[in-house]
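Have a look at the structure below before the remarks.
Bear in mind these aren't lab numbers, they're just calculated from the coordinates by the rules spelled out. Since the model is a prediction, treat every value here as computed from it, not as a measurement. All Cβ positions, glycine included, derive from the backbone under ideal geometry; neighbour counts span all protein chains shown.
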Amino acid sequence: HISRPPDVVEARILLPIVTEEQPIMEAVLLNPVVIICGETGSGKTTQVPQFLYEAGFGSPGSDNPGMIGVTQPRRVAAMSMAARVAHEMSLSSSKVSYQIRYDATVSPSTSIKFMTDGVLLRELATDFLLTKYSVIIIDEAHERSMNTDILIGVLSRVLKLREDMWKAGTADVKPLRLIIMSATLRVSDFAENRTLFPTPPPVINVAARQHPVTIHFNRRTFSDYVTEANEITGVCRKLEAKFGAKALERKRRQRQATENANAGDNEREGANDGAIRPAQADIEAEDLDLGDHQADDLALDVDADMANEDPEALDSDEDTEEHQLDKELGLDSDDVDAPMHIVPLYSLLPSEKQMLVFKPPPPGSRLVVVSTNVAETSLTIPGIRYVVDCGRAKERRYDIANGVQAFQVSWISKASAAQRAGRAGRTGPGHCYRLYSSALYEHHFDQFSKPEILRMPIEGVVLQMKSMHIDAVVNFPFPTPPDRATLYKAEKVLGHLGALGVESSVTRGLTGAQAQSVDGQITELGRLMSLFPLSPRFSRMLVSGQQQGCLPYIISIVSALSVGDPFLHDEGLTSERDNEDEDDAETDGKDGTRRKAFFTTQHTHSALGNFTSDVFRILSVVGAYEFAGGGHKFCAQHFVRPKAMEEIHKLRAQISNIVQANFPGADAGFVPKIMPPNDRQLKALRQLLAAGFIDQVAVRKDRVEQTSSAGVKYATSKGVPYKALGISEDVFIHPSSVLANTAPPEYVVFNDVIRTNRVWIKGVTVINPA
Ligand code: ADP
Ligand code: MG
C-alpha cells in the first residue's frame, strides 16, 4: 500500500540497512529495547521508520496505533529527514511530520513524527507515559547530547511503566518500544549499563558499505582559520571569489590578455603557490583502506604529509595535478576551469537553502559544500568524493573552574575525524585532506568526544527532571552519570533562582556553608519556570518580569537571547579583510558603502538605552522588524539574519501563550508590535537583566586591582581589561558590542563569553549608566 517513486525504489535497494529489515523487525517485536549500529549513510534514519510503518506501527486500528517518534539532536536533521521520508513514501507532511521548538507540521493524522530531542523531553513533562507513541527512535545516540542521554534514562523507566500497566490490563495502554540508533559501534554505555537496562538489549550491526578513503595529513598545523560565528559564509565568499563561475570567467579573460601580451611565456600564475596537490599527495601517501578497518584503527600509523607549507590550504590553483583532480571528479579535461557550485550548510541557514545541498549542481560545475558538523553524521549528501577536514568543531562548553558557559572552537575526537573522512567514500573511492598534522592527531585528539552531560551545566535538565517528579536525581539512570559535585551545583543554582525549596538551618541543625541547603523539592516558582523552553535563568527573568508593563519586553529579550544575536556583525568586522581577496576595485567601493550602511543601522538601534546595552540594541531591532511587518528587505537593510528574526517572532508568540495560560492576570497576550520601552521601563529592564545575570558580572580591572593603568582615562573600551566573577584571566568587551567605542563603564553584566585570542564578553549591559 506504499507507493515509492521509481528513483527511490532503485536507491533503496542499495542501502545496506534494507537487507536487515527482517532481523530488525523481529528484534523490535521481541524486545522492548533494540540498539542499531550502522555507518552514516547506511539508511538508519530514512529506512527504520518506514520498516515500522509498513509493519503497522503508527496506523490506527493496528496493534501499535501510537505514532512512530524519531528524535534528532539537530533541527536541520528533524526537518529534512521528515521531508525525505515523506517523499520516499509519497506521503504528505501531515502524515510524516516534524516538530521543532519554533515550528511543526504535526496533525491528528501524523504517523511518523521527527522532532528534536528537546521537544520529546518537554512532552514527557505533561505526558509521562508518552501515550501518543507506540515506538520511540532515539537517533544519533553516539553524539551523546545531553537531551539524548536524559531521554534514554527517562524512557527506560517509561517502558517499564507502560509494560506493567499493559500486563495489569489497564484499558487502552499498550507497551512502548525503544530503538536506539548509533553511527558508531561504541554503545556499551547503553548496552551494558545494568542500571539503565537490567536485561541487556540486543545490538544489531548493519554491515558498512564503504569505499576506500585516502587520508592526507598536513605537514604542519596552522592556527589561521576563520573563527567567528559566520565563518561558513566567509569561506563560501572566498571560494566564490576565486572559483565561482564569475571569478573563473574573469580569470580566463585576464589570462588570455597576459598570454597574448607575452606569447611563449609558459610560466603560469599560481603554479608555485604551494597549494594542495592531490596527485602529489597521492604518491606520498601511505594509503589507508577504510573499508577493512574499524573507525578506531583509523590512521594510527598514517603519516601522509603533504607538500603544503601554505596556510591558505584551500588556495589551489590550476596546474597539472588539477587536471588529475578533474579527471577523478569525472570532469572533462578541457574543463579545468569548471566553476565551483558552492553551498553552505548550517543550522541557522533558512530551510530552503539547507535543502540545496541535495540538489545536483549545474552541469559542468563541481559541488562544494561548506558545512558545520551537521554533515558529519546527521545528513548524508550524495556523491561527495573529497573531504577537507579542518579538525575543529564549535561546541557548547562549560568551564567547570570558571562556571562560564561558552561556545568554543576546539579539536574534534578521532572518532569524529573518522566520520568526516568516511563522508568521502559513500559513492566511490575518495580523499580526505586533514588540515592538521598527524602528530597533532595522535597526541591531542581524544579517542571519542565526551558526553555533553559531562561538559555542560545541568540546571536546565535537573529542573526538567524535577518537574517530572524525578526527585532523587542522584539515583537517575544516566547512561554516563555526571559527578555529584555538578549535580549539587545545579541544585544550588536552582535554589538561588527560587526553583527548588531551601531548608532552613534550624530544621536540619547545620551551620555555615551547609546551612542553606537545597531540599530538592520543586517550588511553585520552579514549576512555572519549567514550563518555558528556556534556560532557567531566562525563565526566572520572565517570571519576575511582570512589573511596570515590562513583560512584553522581557519576553522579546529572552526570546532573542535564546535564539542568539540576530545581527550580522561580520559585515562590520571582517569585510575589510575580505577585500584583500578581491582583485576588483568595484567591489571594494560597494563593500565600503555596505559597511557604512551597517554602521548606520547599528547606530540607530544602539540608541535605545543610549548606547549602554547590546541587549537593548537587539530589543530595538526586534521592535522595528515587527513595525516594518518583517520581511527579507528589512533584514537586508538592518543586517540581521532573517531566520533568526523569524524564530524570535515565533518564540515570542509561543512564550506569550505559555505566560497567558499560566500567569493569571498577566497582560501577555501576544501583540507583535510593541512601542519602544519608556525610560522607567528601561530602568526596570536593566534591573531585571542585572538580577538575571548576577553571576555574570564584570568590573573594570582598574577598579578592583592596582594596575599600572589606574587613573588613566580611557577613550574607548578597546583593550580595556575587566575582571569577571570566577574567571581568572582578564576579559574584554567584544568589538561587536555597543560599548566597544564608548568610554568603558565600571560594571557590566554579560550574556556570553567566547575565547579566541582573548576572552571576550558579549551581550553586554551597563548596570549603572551615568
Ligand atoms: P543514516 O541515517 O544511516 O546515516 P540516511 O537514512 O540518513 O542514513 O541516508 C540514507 C541515504 O539516503 C543516503 O545515501 C543519503 O544520501 C540519502 N538521502 C537522505 N536524505 C536525502 C535527500 N534529502 N535527498 C537525497 N538523498 C537523500
Ligand atoms: Mg542518520
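The table below lists the values:
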| read-out | value |
| --- | --- |
| Karplus-derived HN-Hα couplings along region 646-656 (A = 6.51, B = -1.76, C = 1.60, θ = phi - 60°), whole Hz, x at Gly and Pro | 5, 5, 4, 4, 5, 5, 4, 4, 5, 5, 4 |
| Over region 1-42: Rg over Rh, Cα atoms, Kirkwood Rh | 1.05 |
| Over region 625-770, equivalent-ellipsoid semi-axes from the Cα gyration tensor in Å | 34, 19, 15 |
| Charge sum, other residues only, whose C-beta stays under 13 Å from HIS1's C-beta, Lys/Arg counted +1 and Asp/Glu -1 | +1 |
| Per-residue HN-Hα couplings for region 91-106 [Karplus 6.51, -1.76, 1.60; θ = phi - 60°; Hz; x = Gly/Pro] | 10, 7, 6, 8, 9, 10, 10, 9, 9, 10, 4, 9, 8, 7, 10, 5 |
| Potential lengthening between ASN768 and GLN546 on full extension [0.36 nm per residue; Cα-Cα distance subtracted] | 77.8 nm |
| Whole-number percent relative contact order across region 134-238, with pairs defined as alpha carbons under 8 Å at least 6 apart | 26 |
| Pair LYS713, GLU192: separation of 7 Å Cα→Cβ label points (nm) | 6.9 |
| At R0 = 25 Å, FRET efficiency that the Cβ-Cβ distance of PHE448 and ARG209 yields, to 0.05 | 0.60 |
| Proximal lysines relative to LYS596, as straight alpha-carbon distance under 25 Å, when same-chain residues fewer than 8 apart are discounted | LYS238, LYS633, LYS643, LYS718, LYS762 |
| Region 84-219 - share of DSSP beta bridges that are antiparallel (%, nearest 5) | 10 |
| Likely footprinting exposure, VAL154, VAL622, VAL409, fewest C-beta neighbours within 10 Å first | VAL409, VAL154, VAL622 |
| Rounded D (µm²/s) - region 61-201, Kirkwood Rh over Cα pairs, Stokes-Einstein at 10 °C, 1.306 mPa s | 102 |
| Kirkwood hydrodynamic radius (C-alpha pairs) into Stokes-Einstein, region 590-690, 25 °C and 0.890 mPa s, D in µm²/s | 164 |
| Stokes-Einstein D (µm²/s) once Rh is taken as the Kirkwood radius of region 1-118 over alpha-carbon pairs, at 37 °C in 0.692 mPa s | 224 |
| Euclidean distance between Cα centres, region 372-389 to region 431-468, Å | 19 |
| Antiparallel DSSP beta bridges within region 44-156, as percent of all bridges there, nearest 5 | 5 |
| Ranked list, fewest to most other Cβ atoms within 10 Å of each Cβ, for GLU626, GLU140 | GLU626, GLU140 |
| Neighbour-count ranking [beta-carbon atoms within 10 angstrom, fewest first] of LYS167, LYS466 | LYS167, LYS466 |
| Fraction in percent of alpha-carbon pairs per bin - 5 Å, region 100-179 | 3, 14, 24, 26, 18, 10, 4, 1 |
| Estimated FRET transfer efficiency (GLU705, ALA653; beta-carbon r; R0 51 Å; 0.05) | 0.65 |
| Whole-percent pair-distance distribution, where bins are 5 Å wide, for the alpha carbons of region 34-99 | 4, 16, 26, 28, 18, 7, 1 |
| Two-site FRET efficiency, LEU440 against ALA171, from Cβ-Cβ distance with R₀ of 41 Å, rounded to 0.05 | 0.10 |
| Over 16 Å [Cα-Cα, region 342-382], rounded percent | 29 |
| Rotationally averaged projected area of region 695-758 (alpha carbon convex hull; nm²) | 4.4 |
| Inter-probe distance in nm under a simple model that places probes 7 Å from Cα toward Cβ, at GLN256 and PHE670 | 5.6 |
| Extended-chain gain in nm, criterion 0.36 nm per residue less alpha-carbon gap, LEU29 and SER93 | 20.3 nm |
